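A quick write-up on the structure given underneath.
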Amino acid sequence: MRRREPIRVLGIGAEGPAGWGEAYRRWVEEADVLVGGERQLSFFPDFRGEKWVLKSAIGEVVDRMVAQPPERKIVVLASGDPLFYGIGGLLVKKLGRDSVEIHPHLSSVQLAFARMGESWHDAAFLSVHGRPLDGLAEQVRRLRKVAILTDDVNTPAAVARHLLDAGVDGFRAFVGENLGAPDERCTWWDDLRELAKAAFAPLNVVVLLRKCPDAVSDIPLGIPDEAFAQRKPDKGLITKKEVRVISLAELRIRKDSVVWDIGAGTGSVAIEAARLAPEGQVFAIEKNAEDVANLRENVRRFGRRVTVVHGTAPEGLEAWPDPDAVFIGGTGKQMAAILDVVCARLKPGGRIVLNAATLENLHEAYAGLVARGFAVEVRLVQVARSKPILDMLRLEGLNPVFVLTAYRKEETT
């Protein structure tokens, strides 16, 4: 049912109501309830109605607004543009677009690009405000121009350190602090290492511009084996590139998939899966301590968002969300127990891919999946790579690997 009095969501800048027109001020004066963050509410010390503070439990405050009588006048204060990482979209979803009026102010991102004298129609926009930094480097790595909304924990310096730790560099940075306020400050940084040591006001936005626009360092599917940290001299405890690419294709990972990597080894599959699922979640479990150390190093090296667990599956899997895709690279003689968990928890339409290097593991995996009601396809992948010999080339074969793809029989392939 449409409210008789629409909820008005008013964008407000760092300068407060000084940046408003008369209508905005009148709506606040006439309101029964004024909702906003502590900073926004502090601009109205003489407000005579109720004040509701928006903190971490935003959903509860929104539900409280929804429950108010339709004749009550409610005004919500939102920083900048309420529909840009703001509360506006949530209110429209809860109440319907006819019951909410959105009145935007200039966003901090608009002001930042204006101060830079830089166009922003071709920029990407990311937020680490109240969100983990995990996965940020993976996204920035492939961008040329990006604005990042920060908070008092994920500061510009913390963002710079995170990017550098993941090997992401080659950007100039602009930081706009308290944009629109009397104490506004704008600074340029030619080196992320200097930015990583600096301090800033809590209200800021960071814009990164790649120094060489053509030098985008995104890593395509099929990362070379030698790029991964792995056991030496005992190389080989890694899913080889050719097999890895086939296995990832069979998993059919979407951008929001939940992916499990069991017996992850160096984490090559998990790391490539994280690139394919930037909005999803990737979990990797490995029992060998030395491999776990390499796995963590590879996650850091490639800037991927992967949750790493040191343990022996199926123990530890109970804490993970149900998967859309499961890769099994090793079972540690726990094949039956792992298949019990994986087959029971796989989401509808999900797929399991298992690599087997021996006939015994092939037989056990195939029989186990079929017995649990799954259709199974088997591929034998045999790869030979060229190797120089004097002024000629010869081919050196890799160990053949069986790639099993499983899905529930009633589901389409």
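The values are calculated or read from the model by the stated rules, or taken from the named source; none is laboratory data. All values derive from a computational prediction rather than experimental measurement. Methodologically, a virtual Cβ is constructed for each residue, glycine included, from the backbone with ideal geometry; neighbour enumeration extends over all protein chains shown. Note: areas computed on protein heavy atoms with side chains; ligands, DNA, RNA excluded. Shrake-Rupley method; radii C 1.70, N 1.55, O 1.52, S 1.80 Å.
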| request: Tell me, yes or no, whether region 285-297 has at least one residue that is surrounded by 22 or more Cβ atoms within 10 Å (Cβ to Cβ), assigned to a loop (DSSP other than H, G, I, E, B) and in contact (Cβ under 8 Å) with a residue 24 or more places away in the chain. | output: no
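Could you list, in sequence order, the residues of region 134-154 that are part of a loop (DSSP other than H, G, I, E, B) and open to solvent by 30 Å² or more (accessible area, probe 1.4 Å)?
Taking region 134-154 and keeping what is part of a loop (DSSP other than H, G, I, E, B), we get 134-135, 141-144, 150-154.
Correct list: 134, 142, 143, 144, 152, 153.
Just checking, does region 386-398 include any residue being farther than 21 Å from residue 288 by Cβ and in contact with a helix residue (DSSP H, G or I) (Cβ under 8 Å, 6 or more places away or on another chain)? Steps first, answer last, please.
Within region 386-398, the subset farther than 21 Å from residue 288 by Cβ is 386-398.
From what's left, in contact with a helix residue (DSSP H, G or I) (Cβ under 8 Å, 6 or more places away or on another chain): 398.
Scanning region 386-398, I find at least one residue that is farther than 21 Å from residue 288 by Cβ and in contact with a helix residue (DSSP H, G or I) (Cβ under 8 Å, 6 or more places away or on another chain), so the answer is yes.
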| said: Can you pull out every residue in region 252-275 that is in a helix (DSSP H, G or I) and touching a helix residue (DSSP H, G or I) at 6+ places or on another chain (Cβ under 7 Å)? | reply: 268, 269, 271, 272, 273, 274, 275
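Checking the conditions here, which among 391, 322 is acidic (Asp, Glu) and modelled with pLDDT of 95 or more?
Every option except 322 fails the conditions.
Considering only residues that are open to solvent by less than 40 Å² (accessible area, probe 1.4 Å), in contact (Cβ under 8 Å) with a residue 60 or more places away in the chain and under 23 Å from the mean Cα position of the chain (by Cα), which ones fall in region 108-133? It would help to see each step written out before you state the result.
Taking region 108-133 as the starting set, the residues that turn out to be open to solvent by less than 40 Å² (accessible area, probe 1.4 Å) are 109, 111-113, 116, 123-124, 126-128, 133.
Then keep just the ones that are in contact (Cβ under 8 Å) with a residue 60 or more places away in the chain; that gives 109, 111-113, 116, 123.
Across region 108-133, the qualifying residues are 109, 123.
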| note | Condition set in contact (Cβ under 8 Å) with a residue 60 or more places away in the chain and open to solvent by 40 Å² or more (accessible area, probe 1.4 Å), scope region 57-78, selection farthest from the chain's Cα centre (by Cα): answer is 71
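If the requirement is being on the phi > 0 side of the Ramachandran plot and not basic (Lys, Arg), which of these qualifies: 368, 349, 397?
Numbers: 368 fails: on the phi > 0 side of the Ramachandran plot; 397 fails: on the phi > 0 side of the Ramachandran plot.
Going through 368, 349, 397 in turn, just one is on the phi > 0 side of the Ramachandran plot and not basic (Lys, Arg): 349.
Restricting attention to region 19-71, and to residues there that are of a type in the set (Gly, Ala, Ser) and farther than 24 Å from residue 111 by Cβ, which single residue is modelled with the lowest pLDDT?
Filtering region 19-71 for residues of a type in the set (Gly, Ala, Ser) gives 19, 21, 23, 31, 36-37, 42, 49, 56-57, 59, 67.
Checking the rest, the ones that are also farther than 24 Å from residue 111 by Cβ come to 31, 49, 56-57, 59, 67.
Details: 31: 95, 49: 94, 56: 74, 57: 77, 59: 82, 67: 87.
Selected residue: 56.
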| remark: Taking region 302-334 and keeping only residues that are surrounded by fewer than 19 Cβ atoms within 10 Å (Cβ to Cβ) and part of a helix (DSSP H, G or I), one is left with 318, 319
